[in-house]
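Data block below; observations after.
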Amino acid sequence: MKKNGFTLIEVLIALSVIAIGLIAVLNANLQATANATKLQNKLFALWVLENSIAEIRVRSTEFPISNHHDKQQQAQQFWQTETITTATDNPLLQQTKLIISTPVGFPETEILLQQDLYLRKQLESLEP
């Protein structure tokens with residue numbers, strides 16, 4: 001007797017191999033999407049950081065020694081920023097640390113970028 005076709009077992013095995021392959025492709029696609037979103041958030045956080053640095057450099061006065069929380073809008077989202085200004089051993093310099101975190105409304109807060117700046121104090125503020 002001549003066989004024309006596949007047995008049920010052969011068809012089930014072929015379907016399981018195809019299903020495993022499709023699951024692997026979908027998993028890789030989900031991972032790529034998550035990585036693209038994370039990279040996009042880092043890019044927007046970099047823009048917020050650069051804007052914050054530009055604002056600090058444009059200021060004519062120095063920051064007081066403090067810890068300041070703020071929100072900045074970028075890409076239709078409000079990004080959490082923290083500016084920590086501290087004194088240094090050098091009386092001519094102060095340290096300002098900028099921290100950019102995930103936008104408001106994200107399920108968990110994550111620090112995306114952090115930058116330390118050393119800024120020269122204004123000469124007027126050094127005179128007694």
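Computed from the coordinates by the stated procedures, all read-outs in this text should not be read as laboratory data. In this text, all values refer to a predicted model and were calculated from it rather than measured experimentally. Every residue, glycine as well, gets a Cβ built from its backbone with ideal geometry; the counts of neighbours run over all protein chains shown.
Structural remarks
- Projecting the Cα atoms of 54, 91, 114 onto the charge dipole of the chain, computed from C-beta unit charges around the Cα centre, puts 114 farthest toward the positive end.
- DSSP-assigned coil residues among trypsin sites (Lys or Arg not before Pro) in the stretch 1-88, each with at most 11 further Cβ atoms within 10 Å: 2, 3, 59
- Positive end of the dipole of the chain (Cβ unit charges, origin at the Cα centre): among 66, 32, 19, the Cα lying farthest that way belongs to 19.
- Across 49, 112, 30, mean-square fluctuation computed from a Gaussian network of the chain (C-alpha pairs under 10 Å connected) peaks at 30.
- Taking the Cα centre of the stretch 8-126 as reference, the dipole from Cβ charges on Lys and Arg (+1) and Asp and Glu (-1) amounts to some 200 debye.
- Take every pair of alpha-carbon atoms less than 8 Å apart whose residues are at least six positions apart; their mean separation over the length of the chain yields a relative contact order of 18 percent.
- A simple spin-label model places the labels of residue 9 and residue 30 3.3 nm from each other, with each point 7 Å out along Cα-to-Cβ.
- Folded to 0 to 90 degrees: helix 8-58 orientation relative to the chain principal axis, Cα: 10
- Using just its DSSP H runs of length 4 or more, each adding -39500 (n - 2.57), the chain gives a mean residue ellipticity at 222 nm of -15000 deg cm²/dmol after division by all residues.
- Fluctuation leader among 20, 84, 53 - the chain, Gaussian network, Cα springs under 10 angstrom: 20
- Counting only residues at least eight positions apart within a chain, or on another chain, the lysines with an alpha carbon under 18 Å from that of residue 97 are 42, 71, 121.
- Highest-fluctuation residue, 17, 104, 58 considered, GNM on the chain with Cα pairs under 10 Å: 17
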